[in-house]
Amino acid sequence: MAALLACAVSLPALAQGRVAVVRDAEIETLLRDYAKPVLRAAGLKSSRVQIVLVNDRSFNAFVDGQRIFVNTGALTAAEVPNEIIGVLAHEAGHLAGGHQQRLREQIATARTLAIVGSLLGAGAIAAGSISGNSGGARAGSALITATPSLVQRNLLSYRRSEEMNADQAAARYLDATGQSMRGMLTTFQRFSQSLSLSGVQVDQYQISHPLPRERIALLEELARNSSHFNATDPARLVARHNLMRAKIAAYTGGAQAVARLFSKDRGSLAARYGAAIATDLAGNSASSLQQMDKLIREQPKNPYFHEFRGEVLMKLRKNDAAVKAFASAVKLDRAKSPLIRARLGFALVASGEPGNMKRAIQELRASLQAEPDNFNAYRHLSQAYGLSGDIANAELAMAEGNFRAGNIREAKVFAARALQKLPGGSPGAVRANDILTIGR
């Protein structure tokens, strides 16, 4: 069974590097706006909690370290912001409750109990063999078999209790911020219905989360005690939510997905935004540009409309116009997303004009100062340095980018090249030497 609003520990796919992370300034900014009030209510600093998008169509979210991962499938399925805000509040409950660390302690204890149980079982088998008592041997064998199952059930029981605790914490955060619990209820009711329709008999002792009906009952009781149950999301927030859903639908399912999502309101701003994106992705960038121009006339101060218009112009090889579009997006973006600034830098690099490289370097370095782990920004920065004739710093940019991406071997190769060209004792030479000496 797929977990819902899981869980206070990283998923196996995350540990194995198989979580498909996607980046988007518009969506990330919206989710941070959703999260800020509940994180504040939870006593967490929003600047220290990163929200990460996962390219997965299932309805899921989980936490790892100080990061909240949210599936794109959850974002498109949520009809109103309050549903996602409830998800984020639940995950904030895990972070504030320190559930990850306690779960690690529980896992360590479970491993110890499993080992002890196996040793006891082996001892019983040995004693039975020595005494010639076959019953003792059978009992020992049964103990070995039963121990892992008992340990697993104890661990799952602990995780179920933590999920319930996170639900209650989420209810407190929503109430403290004057927001409704209706979205959380809707989420669990949707999940409960999907279980009923599946016809699957679920063993409640073999799952890590409470059964939906238990959680619904708890949340309904908490909701009755809240004076904000009938609170609704602000219209402006709902509009942004729909624009986000339209974008995800376009990227994951094309024009048909957008049409299905907005079948009742195909003339809405969000539906037309999704259609413009889908049109570009289908290869008709010229038509997409016309559609985006119409949207911008309706909302001239929407930075993300200008940002996407810049992407379309890049495909049409209208580099000067693309630079202007991205520059408008940067100017209008109140969140100051380093992603948009990096795209401006890339557009300047893509122009191929030597006169644009100084500005490209400035924009890309500013982006990296705010977000120092963006490998693509380092790659474009290297190109900008190369096109301006500064090969030493081009090599150093690739060394830094590979180092931060964990590609240590490649980082050292570029650092060695940079060190041969950089002035001795310069900050760049010192950094290149630092990268070279790591791991020695």
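Structure notes:
- Scanning the stretch 267-284 for residues that are within 14 Å of residue 314 (Cα to Cα), touching a helix residue (DSSP H, G or I) at 6+ places or on another chain (Cβ under 8 Å) and surrounded by fewer than 20 Cβ atoms within 10 Å (Cβ to Cβ) turns up just one, 281.
- Options 360, 325, 342; residue that is at pLDDT 95 or above, among the aliphatic types (A, V, I, L, M) and either touching a Pro at 6+ places or on another chain (Cβ under 8 Å) or within 21 Å of residue 299 (Cα to Cα) (or both): 325
- Listing of strands (runs of 3 or more DSSP E) fully contained in the stretch 21-78 that carry 1 or more residues being under 8 Å from the mean Cα position of the chain (by Cα) and without any contact (Cβ under 8 Å) to a residue 40 or more places away in the chain: 50-54, 67-71
- Looking only at the stretch 378-392, and only at residues there that are in contact with a Lys or Arg (Cβ under 8 Å, 6 or more places away or on another chain) and crowded, with 17+ Cβ neighbours inside 10 Å, the one that is nearest to residue 415 (Cα to Cα): 392
- Being of a type outside the set (Asp, Glu) and part of a helix (DSSP H, G or I) holds for only one residue in 335, 322, 231, and it is 322.
- Residue list for the stretch 285-318, restricted to those being in a helix (DSSP H, G or I) and either among the charged types (D, E, K, R) or modelled with pLDDT under 95 (or both): 293, 294, 297, 298, 307, 309, 311, 315
- Qualifying residue in the stretch 92-103 (condition: closer than 23 Å to residue 176 by Cα, of a type outside the set (A, V, I, L, M, F, W, C), out of contact with any Lys or Arg (no Cβ under 8 Å at 6 or more places or on another chain) and modelled with pLDDT of 90 or more): yes
- Filtering the stretch 166-216 to residues that are among the charged types (D, E, K, R) and at pLDDT 85 or above leaves 167, 172, 175, 182.
- Matching residues in the stretch 28-39 - criterion: being under 18 Å from residue 171 (Cα atoms) and in contact with a Ser or Thr (Cβ under 7 Å, 6 or more places away or on another chain): 35, 36, 37, 38, 39
- Pick from the stretch 226-260, criterion in contact with a helix residue (DSSP H, G or I) (Cβ under 6 Å, 6 or more places away or on another chain), more than 16 Å from residue 71 (Cβ to Cβ) and among the hydrophobic types (A, V, I, L, M, F, W, C), ranking: surrounded by the most Cβ atoms within 10 Å (Cβ to Cβ): 258
- Subset tally (residues that are not in a helix (DSSP H, G or I) and not β-branched (Val, Ile, Thr)) for the stretch 401-440: 10
So that you can scan it fast, the table gives a plain yes or no per residue for (1) within 26 Å of the chain's Cα centre (by Cα); (2) in the same structural domain as residue 182 (by TED's automatic domain parsing); (3) of a type in the set (A, V, I, L, M):
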site: 215; (1), (2), (3): yes, yes, no
site: 218; (1), (2), (3): no, yes, yes
site: 221; (1), (2), (3): no, yes, no
site: 227; (1), (2), (3): no, yes, no
site: 240; (1), (2), (3): yes, no, no
site: 254; (1), (2), (3): yes, no, no
site: 264; (1), (2), (3): no, no, no
site: 281; (1), (2), (3): yes, no, yes
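- Note on the stretch 370-393: among residues that are free of Cβ contacts under 8 Å to residues at least 24 places away in the same chain and in a helix (DSSP H, G or I), the one that is farthest from residue 407 (Cα to Cα) is 386.
- Residue within the stretch 313-331 that is among the acidic types (Asp, Glu) and over 28 Å from residue 20 (Cα atoms) present: yes
- Taken together, the residues in the stretch 346-377 that are crowded, with 24+ Cβ neighbours inside 10 Å and more than 18 Å from residue 317 (Cα to Cα) amount to 4.
- For residue 367, the stated conditions do not hold, so it cannot be described as without any contact (Cβ under 8 Å) to a residue 12 or more places away in the chain, of a type in the set (S, T, N, Q) and outside the structural domain of residue 52 (by TED's automatic domain parsing).
- Lone qualifier among 8, 13, 20 - being surrounded by fewer than 21 Cβ atoms within 10 Å (Cβ to Cβ), modelled with pLDDT under 85 and of a type outside the set (Phe, Trp, Tyr): 13
The values are calculated or read from the model by the stated rules, or taken from the named source; none is laboratory data. Everything numeric in this text was worked out from a predicted model, so none of it was measured. Ideal geometry is used to build each Cβ from the backbone, glycine not excepted, and the neighbour counts take in all protein chains shown.
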